[in-house]
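The values are calculated or read from the model by the stated rules, or taken from the named source; none is laboratory data. Quick caveat, the model's predicted, so the values are computed rather than measured. Every residue, glycine as well, gets a Cβ built from its backbone with ideal geometry; the counts of neighbours run over all protein chains shown. These accessible areas exclude ligands, DNA and RNA; they are computed on the full protein's heavy atoms, side chains included. Shrake-Rupley method; radii C 1.70, N 1.55, O 1.52, S 1.80 Å.
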Amino acid sequence: MLRNNSDKTLRPITSAEVETHSSENDAWLIIDGYVHNITQFLSEHPGGKEIVLPYLGKDATQIFSSETEHAHSQAAYTILKKYRIGVLDGKTTTDRVAGSEYLAGLVDVKKAMVPQVWRLGDNYQKWIHTQTGLEKIIIFDNFLEKLSRWPWYYIFFMWLPVITYLLYLSIFVNNVTVVRAFSFWVAGILIWAGVEYYLHRFIFHVQTSSPVGNLFHFFIHGIHHITPTDSTRLTFPPFFALFVGSALYRFYEIFVSPELGGQALFAGSATGYLFYDTMHYYFHHGEVVPWMPELLKKMKTLHLNHHYKDDTKNYGVTSPAFDWIFGTMGSQK
């Protein structure tokens, strides 16, 4: 017997048929009486696909719903719903996202986001963090839409010349010694880890409810949370990156003049930013491979848990150090 009216559009599937789809290239499993084809999602699973592989072709309800072994958030259930292809023949289903369907209905993802986000008010924060996992959205209904999409690797073409030029100025124009310039460059990389943590925790996750506040949050970080697998909206757009970079450069000048090594210091932070967005891209689009250092595997899991489990934890991307120091380290499962 089926519990939900929406199940009428799904075909009944037997356990025997599910068992025939148990490989990485053809991955089905059963959760809450629903049959899901998660082949495309395996590489995106926050804990790595290795955790899921033993349950392919089987009923994974118990492990998926366990709060101690591998807890899943409401956002995870919302994402899982996209992969439903049928219901287990003769079984009762449990729809764990039925209560949040009204949030999904507040926004038409086939239309431009800007006017809709403007009207969301107090529902914005609930919407942005429960409907995560959309593949594509339309932000503008005009020429600005194309300007909102950039290949993630553009950052190297933009920042490597800046880094090289600043190091040149520091050493050959301002006569900073190579040792001092290198030391400030390394210090800049370390400082970036702190800047990244602060921006992510206190700016990117600011709580908003007003039209202007919601749009501000949506543009600086909400877009990424609602479409975490969209590689064309993973990095800062060039104009925003230039704005933040210029402000940070002027801030550094207050404390360290170019003659003392300020330009090398900023070059280090710009290098840290390149590490940040390169790792960020890998965490969302790269697979865990056997030869990968264990720390990097854990960092990938921590960041994806930030998206799919608890967005109040795991703010660090290039380093978990500040999460550990300030008590925002989340689950590593």
Computed for the chain: size of charge dipole around the Cα centre, +1 on C-beta of each Lys and Arg, -1 on C-beta of each Asp and Glu, debye to nearest 20, value 440 debye
Amide H neighbours of Ile85 at under 5 Å, excluding residues fewer than 5 places away on the same chain, with H built from the backbone geometry, are Val35, His36, Asn37
Per DSSP loop assignment and a cutoff of at most 11 other beta carbons within 10 Å, the chain keeps its longest run without exposed GluC sites (Glu not before Pro) at 136-333
Rounded to the nearest 500, the 222 nm mean residue ellipticity computed for the chain from DSSP H runs (n ≥ 4, each -39500 (n - 2.57)) alone is -13500 deg cm²/dmol
Rounded to whole Å², per residue accessible area for the chain with a 1.4 Å probe reads 50 Å²
Yeah, the range 185-262 with a ≥ b ≥ c from its alpha-carbon gyration tensor (a/c under 1.5 is rounded, else prolate when a/b outruns b/c, oblate otherwise) is prolate
Output for the range 87-177: chymotrypsin sites (Phe, Trp or Tyr not before Pro) sitting in coil per DSSP, at most 15 other Cβ within 10 Å, listed by number, reads Phe140, Phe143, Tyr153
Restricted to the chain, the DSSP antiparallel beta bridge percent, nearest 5, is 70 percent
Simple SL model, points at 7 angstrom along Cα→Cβ for Ala16 and Lys58; separation in nm is 2.1 nm
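Kindly identify the range 206-314 as rounded, prolate or oblate by the Cα gyration tensor criterion: order the square roots of the eigenvalues as a ≥ b ≥ c, call it rounded if a/c is under 1.5, otherwise compare a/b with b/c, prolate if a/b is larger, else oblate.
Details: a/c = 2.28, a/b = 1.23, b/c = 1.85.
Oblate, because a/c is 1.5 or more while a/b does not exceed b/c.
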HN-Hα couplings for the range 264-279 via Karplus (6.51, -1.76, 1.60; θ = phi - 60°), in whole Hz with x for Gly/Pro, come out as 5, 5, 5, 4, x, 5, 5, 5, x, 5, 4, 4, 4, 6, 5, 5
Listed by chain and number, the aspartates and glutamates with an alpha carbon less than 12 angstrom from that of Lys82, same-chain partners under 8 positions apart left out, are Glu135
Expressed as a percent, the accessible surface of the chain that is carbon or sulfur, using a 1.4 Å probe and the full set of protein chains, is 64 percent
Set Lys49/Lys136; Lys58/Lys81; Lys110/Lys297, cut-off 25 Å on Cα-Cα distance; pairs above it are Lys110/Lys297
Percent of all alpha-carbon pairs of the range 140-221 at distances over 18 Å, whole number, is 66 percent
From the Cα centre of the range 214-239 to that of the range 146-172, the distance in Å is 20 Å
Residues whose built amide H sits under 5 Å from the amide H of Thr227, excluding neighbours closer than 5 in sequence, are Gly133
